[in-house]
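Some notes on the structure that comes next.
The values are calculated or read from the model by the stated rules, or taken from the named source; none is laboratory data. Note that this is a predicted model, so its numbers are computed, not measured. Virtual Cβ from ideal backbone geometry, glycine too; neighbours counted across all protein chains shown. For the accessible areas, the whole protein counts, side chains as well, though only heavy atoms, and no ligand, DNA or RNA atoms are used. Shrake-Rupley method; radii C 1.70, N 1.55, O 1.52, S 1.80 Å.
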Amino acid sequence: QCSLDSIVDKKIQDALTGLELNPFAPAKRISCFSVTNSGKLSFCPAGSVVTGCACGYGCGSWDVGGETTCHYQCNPVDWTTACCCRLT
Amino acid sequence: QCSLDSIVDKKIQDALTGLELNPFAPAKRISCFSVTNSGKLSFCPAGSVVTGCACGYGCGSWDVGGETTCHYQCNPVDWTTACCCRLT
Amino acid sequence: QCSLDSIVDKKIQDALTGLELNPFAPAKRISCFSVTNSGKLSFCPAGSVVTGCACGYGCGSWDVGGETTCHYQCNPVDWTTACCCRLT
């Protein structure tokens, strides 16, 4: 193999290694986790977003504030769980 | 630096700039938002998918139709919220 | 066009084609689907994660086990649906 050839190969490889998604990097996937609080609010940590909420007393009425907060709408207040997801 | 060297560097840089995910592009993230309708159906707009649903009257029984529709299953009918997500 | 030029172009193109996300590959998107079981547990298949759960009898109380299992918390036990998502 000629020297010029291997120099170009190395340049290309170096450039790709700097990419977030290069052939040697693991593919992105969705990762989700739950955050449970007593009371009517539960929060997803920075970098994650709410994809669904669960609530105590069998309550299925909730709303999401600002992409990161689960707000329980039933009475009486019990616990609130945020299902939080992000790309990893 | 020899001229050949800088030509190859430029070629590689040009190719990477054309990538959707290049070193200078922001990383993809999940973005979610809610769509609420009165009645028993709520729809996620094109390009987004349902990750969860919430319903009025505390109802937690719902199903998803065709990736984009939240269908409320309780009686009486109240409101339905679709939690819609997409990559941005 | 000189031969060296086209050789370098081809080398770069070959390297990019090996990338999961190259200019010719479709962009990643979120894909979601539902899995419903009778009983109090429903499972997302390998490669997908739970983003929300729905339950029979209007029950909105559930928790997620190990990223892939929806666990229904109400009595009596009816059906459980897992909303499962992955990147495709």
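Report, ordered by chain and residue number, the lysines lying within cross-link reach of C:Lys11, taken as a straight Cα distance under 28 Å and ignoring same-chain residues fewer than 8 apart.
Leaving aside lysines fewer than 8 places away in the same chain, those within reach of C:Lys11 are A:Lys10, A:Lys11, A:Lys28, B:Lys10, B:Lys11, B:Lys28, C:Lys28.
Please give the peptides A:67-78, B:35-46 ranked by average Cβ packing (other Cβ atoms within 10 Å per residue), highest first, as a rough proxy for protection.
Result, highest mean Cβ count within 10 Å first: A:67-78, B:35-46.
For the range A:26-87, what is the accessible area per residue in Å², given a 1.4 Å probe and the full set of protein chains?
Averaged over the residues of the range A:26-87, the accessible area is 40 Å².
Excluding residues on the same chain fewer than 8 positions from A:Lys40, give the aspartates and glutamates whose Cα lies under 14 Å from its Cα.
Hits, sequence-local ones excluded: A:Asp63, A:Asp78.
Can you report the principal axis dimensions of the protein assembly as shown using only the alpha carbons, biggest first, rounded to whole angstrom?
75, 32, 30
Roughly to the nearest percent, how much of the accessible area of the protein assembly as shown is carbon and sulfur, given a 1.4 Å probe?
C and S fraction of accessible area: 56 percent.
Counting each pair of different Cα atoms once, what's the Kirkwood radius of the range B:38-88 in Å, rounded to one decimal?
By the Kirkwood definition, the hydrodynamic radius is 10.7 Å.
Over the whole of C:70-80, what's the average partner chain Cβ count within 10 Å per residue? Rounded to a whole number, please. Please report the intermediate quantities before stating the final value.
On the way: counts 1, 1, 2, 4, 3, 1, 0, 0, 1, 2, 0.
Whole-number average of other-chain Cβ neighbours for C:70-80 is 1.
Peptide B:30-43: average number of partner chain Cβ atoms within 10 Å per residue?
3
Convex hull over the alpha-carbon atoms of chain A: what's its volume per residue in Å³?
Considering the Cα atoms of chain A, their hull volume per residue is 87 Å³.
Give me the summed buried accessible area for the A-B pair, 1.4 Å probe, to the nearest 100 Å². If you can, show how the numbers build up before the last one.
Values: alone 5930 and 5960 Å², together 9910 Å².
About 2000 Å² of accessible surface is lost on pairing.
Which angle from 0 to 90°, rounded to the nearest 10, does the C-alpha axis of helix C:3-17 make with the longest principal axis of chain C?
10 degrees
Compute the label-point distances linking B:Leu4 to its equivalents in the other copies; points lie 7 Å from Cα along Cα→Cβ; give nm, one decimal, shortest first.
The answer, with the shortest distance listed first, is 0.4, 0.4 nm.
Report the FRET efficiency, 1/(1 + (r/R0)^6), for A:Asp14 and C:Ser3, where r is their Cβ-Cβ distance and R0 is 25 Å, rounded to 0.05.
Using R0 = 25 Å, I get an efficiency of 0.60.
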